[in-house]
Amino acid sequence: MTEREVSVTVLFFAGARDLAGVERATVTLTASTTPEQLLTEVVRSFGEITNIRDSLIISLNQEYCEPGQGLELSNGDEIAIIPPISGGNIHQ
């Protein structure tokens, strides 16, 4: 059985935008995922952000995601990739 795939918009902010080279992109992802798996897929497409991966914050439809949280994505969802504004890592 293959997993359902969805098309979502990924928004890159601040340093993540600079490294990815785009403000937004449409990507196809597996519908059932976690923030970590989502980042793995984004890094696969935009490898330059790998250097800041561990400090990135993810939001789904303007709601912050917790590490390990199960996510169920739908077509048209909006994923935001947000680096810390002044350094640090909220997941320590």
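The values are calculated or read from the model by the stated rules, or taken from the named source; none is laboratory data. Just so we're clear, the structure is a prediction, and the values are computed from it rather than from any experiment. Because the Cβ atoms are built from the backbone with ideal geometry, glycine has one as well, and the counts that use them run over all protein chains shown.
Being at pLDDT below 90 and either of a type in the set (S, T, N, Q) or within 21 Å of Asp18 (Cα to Cα) (or both) is true for just one of Asn89, Asn61, Asn75. Which residue is that?
Going through Asn89, Asn61, Asn75 in turn, the sole match is Asn89.
Counting only residues that are β-branched (Val, Ile, Thr) and in contact (Cβ under 8 Å) with a residue 60 or more places away in the chain, which one in the range 1-57 is nearest to Pro83 (Cα to Cα)?
Val10
Could you check the range 42-83 and list, in sequence order, the residues that are within 15 Å of Thr9 (Cβ to Cβ), surrounded by fewer than 16 Cβ atoms within 10 Å (Cβ to Cβ) and either under 11 Å from the mean Cα position of the chain (by Cα) or among the small types (Gly, Ala, Ser) (or both)?
Within the range 42-83, Ser45, Ser74, Gly76, Glu78 qualify.
Do we have Pro35 as at pLDDT below 90 and buried (at least 17 other Cβ atoms within 10 Å of the Cβ) here?
yes
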